[in-house]
Amino acid sequence: MRLLHPRVATVLGWLTLVSLVALALFGLWGAPPDEVQGDAQRLMYLHVPTAWLAYLAFFITALASALYLWPRTRAQTWDRMAGASAELGVLFTGLTLFVGSLWGRAVWGVWWAWDARLVTTAVLFFLYLGYLALRHTAADPVSGARRNAVAALIVFIDVPIVHFSVEWWRTLHQQATVFNPELSAEIGGVMAWTLWLGVLAFTLLYVYLLDRRYQLATLEDELDADGLDAAIVARIAEADGTPAPGRSEPPGGPMTTPVSAP
Amino acid sequence: MSDVGYVATGWAVTAVVIAGYYARLVVRTRRATKSRGSR
């Protein structure tokens with residue numbers, strides 16, 4: 001089971017690849033170097049789209065979790081989608097931190113600073129890592145999914161804190177270039193178009209990867225259910241004293257109490 | 001490291017991480033499909 005029709009997914013995959021190649025060409029060669037930061041600013045074409053994707057992925061996780069908790073829309077689909085999206089969010093938050101660290105080293109002279117934006121983003125990364133770990137601990141799928149959904153809504157609180165941290169506190173990190181309170185992009189020309197291309201390319205990538213990850217989650221759930229069914233049948237057969245279907249008896253006949261040698 | 005070095009590292013690592021994640025998804029999906037088919 002997939003979110004997208006296979007043909008749509010194939011077209012989306014090619015569109016994503018083409019847009020990422022175009023982004024690399026514009027980001028590395030087409031767009032001019034920044035007047036102040038020089039070539040180091042070319043990391044912005046990765047840093048901003050990956051950060052945007054992390055926000056988007058965690059928003060989808062929270063939305064899917066809310067839909068799971070709402071009795072009228074409760075379905076395993078939402079739990080799977082929440083988990084798939086959170087995994088992508090963690091991946092892109094990690095990339096945001098990595099690329100941001102390189103950019104910081106180039107323009108600030110340090111790999112890391114105890115700055116509000118950086119710290120809240122690192123907290124976000126670890127919160128969602130914890131959420132992913134929590135997803136693997138459930139014994140019962142239904143109560144586990146409910147607990148996951150509640151946890152996803154709680155950890156989402158950090159997303160607006162990350163975004164507004166540069167407005168609420170004095171930070172070394174620059175304020176939002178595009179999604180600022182005035183919604184006036186402080187960037188123009190080829191640089192702006194390249195940035196928008198990056199946002200588009202990474203959004204396509206997110207949708208494509210979400211579809212693939214969701215497909216995998218569905219297959220894994222089905223395998224788990226098959227394994228559980230097989231285990232239940234085996235236990236029932238064991239209790240009845242008959243061999244379970246599909247299970248051969250051990251060599252030498254059925255298991256019996258060992259007889260001690262005279 | 002020069003600015004170009006930081007930029008090259010950032011772009012290369014991002015590309016490798018995304019490609020690696022995608023490859024892992026494909027392999028795990030194939031393996032799961034095969035396991036499901038064999039049951």
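Could you say which residue among A:Val107, A:Val99, A:Val90, A:Val21 is within 14 Å of the chain's Cα centre (by Cα) and within 12 Å of chain B (Cβ to nearest Cβ)?
On the way: A:Val107 fails: within 14 Å of the chain's Cα centre (by Cα); A:Val99 fails: within 14 Å of the chain's Cα centre (by Cα); A:Val21 fails: within 14 Å of the chain's Cα centre (by Cα).
Step by step, each of A:Val107, A:Val99, A:Val90, A:Val21 is checked, and only A:Val90 is within 14 Å of the chain's Cα centre (by Cα) and within 12 Å of chain B (Cβ to nearest Cβ).
Is it the case that region A:175-190 has a residue that's surrounded by 15 or more Cβ atoms within 10 Å (Cβ to Cβ), farther than 25 Å from A:Val21 by Cβ, free of Cβ contacts under 8 Å to residues at least 60 places away in the same chain and away from chain B (no Cβ under 14 Å)?
Checked region A:175-190: at least one residue is surrounded by 15 or more Cβ atoms within 10 Å (Cβ to Cβ), farther than 25 Å from A:Val21 by Cβ, free of Cβ contacts under 8 Å to residues at least 60 places away in the same chain and away from chain B (no Cβ under 14 Å).
Search region A:25-48 for residues that are within 10 Å of chain B (Cβ to nearest Cβ) and buried (at least 23 other Cβ atoms within 10 Å of the Cβ) and pair each with any residue that is at pLDDT 85 or above and assigned to a loop (DSSP other than H, G, I, E, B) when their beta-carbon atoms are under 8 Å apart and the residues are at least 6 apart or on different chains.
Listed by first residue and then by second, the contacts come to A:Arg42/A:Ala31; A:Arg42/A:Pro33; A:Tyr45/A:Ala31.
Would you check if A:Thr77 is polar (S, T, N, Q), within 14 Å of chain B (Cβ to nearest Cβ) and assigned to a helix (DSSP H, G or I)? Spell out how you get there, then give the answer.
On the way: polar (S, T, N, Q): yes; within 14 Å of chain B (Cβ to nearest Cβ): no; assigned to a helix (DSSP H, G or I): yes.
Against the criterion (polar (S, T, N, Q), within 14 Å of chain B (Cβ to nearest Cβ) and assigned to a helix (DSSP H, G or I)), A:Thr77 does not qualify.
Looking at region A:61-74, is at least one residue basic (Lys, Arg) and more than 14 Å from every other protein chain (Cβ to nearest Cβ)?
The answer is yes, given that some residue of region A:61-74 is basic (Lys, Arg) and more than 14 Å from every other protein chain (Cβ to nearest Cβ).
Return yes or no: is A:Phe126 more than 14 Å from every other protein chain (Cβ to nearest Cβ) and either of a type in the set (Gly, Ala, Ser) or assigned to a helix (DSSP H, G or I) (or both)? Write out each step before concluding.
On the way: more than 14 Å from every other protein chain (Cβ to nearest Cβ): yes; either of a type in the set (Gly, Ala, Ser) or assigned to a helix (DSSP H, G or I) (or both): yes.
Here the answer is yes, as A:Phe126 does meet what is asked.
For region A:208-231: of the residues being over 17 Å from A:Thr77 (Cβ atoms) and modelled with pLDDT under 80, which is surrounded by the most Cβ atoms within 10 Å (Cβ to Cβ)?
Residue satisfying both the conditions and the ranking: A:Ala230.
Can you confirm whether A:Leu197 is more than 10 Å from chain B (Cβ to nearest Cβ), touching a helix residue (DSSP H, G or I) at 6+ places or on another chain (Cβ under 9 Å), of a type in the set (A, V, I, L, M) and surrounded by 19 or more Cβ atoms within 10 Å (Cβ to Cβ)?
Details: more than 10 Å from chain B (Cβ to nearest Cβ): yes; touching a helix residue (DSSP H, G or I) at 6+ places or on another chain (Cβ under 9 Å): yes; of a type in the set (A, V, I, L, M): yes; surrounded by 19 or more Cβ atoms within 10 Å (Cβ to Cβ): yes.
When the stated conditions are applied, A:Leu197 passes them.
Need pairs with beta-carbon distance below 9 Å; first residue polar (S, T, N, Q) and within region B:5-19, second in a helix (DSSP H, G or I); sequence gap 6+ or separate chains.
B:Thr9/A:Leu102; B:Thr14/A:Leu46; B:Thr14/A:Thr50; B:Thr14/A:Leu95; B:Thr14/A:Phe98; B:Thr14/A:Val99
The values are calculated or read from the model by the stated rules, or taken from the named source; none is laboratory data. Note that this is a predicted model, so its numbers are computed, not measured. Because the Cβ atoms are built from the backbone with ideal geometry, glycine has one as well, and the counts that use them run over all protein chains shown.
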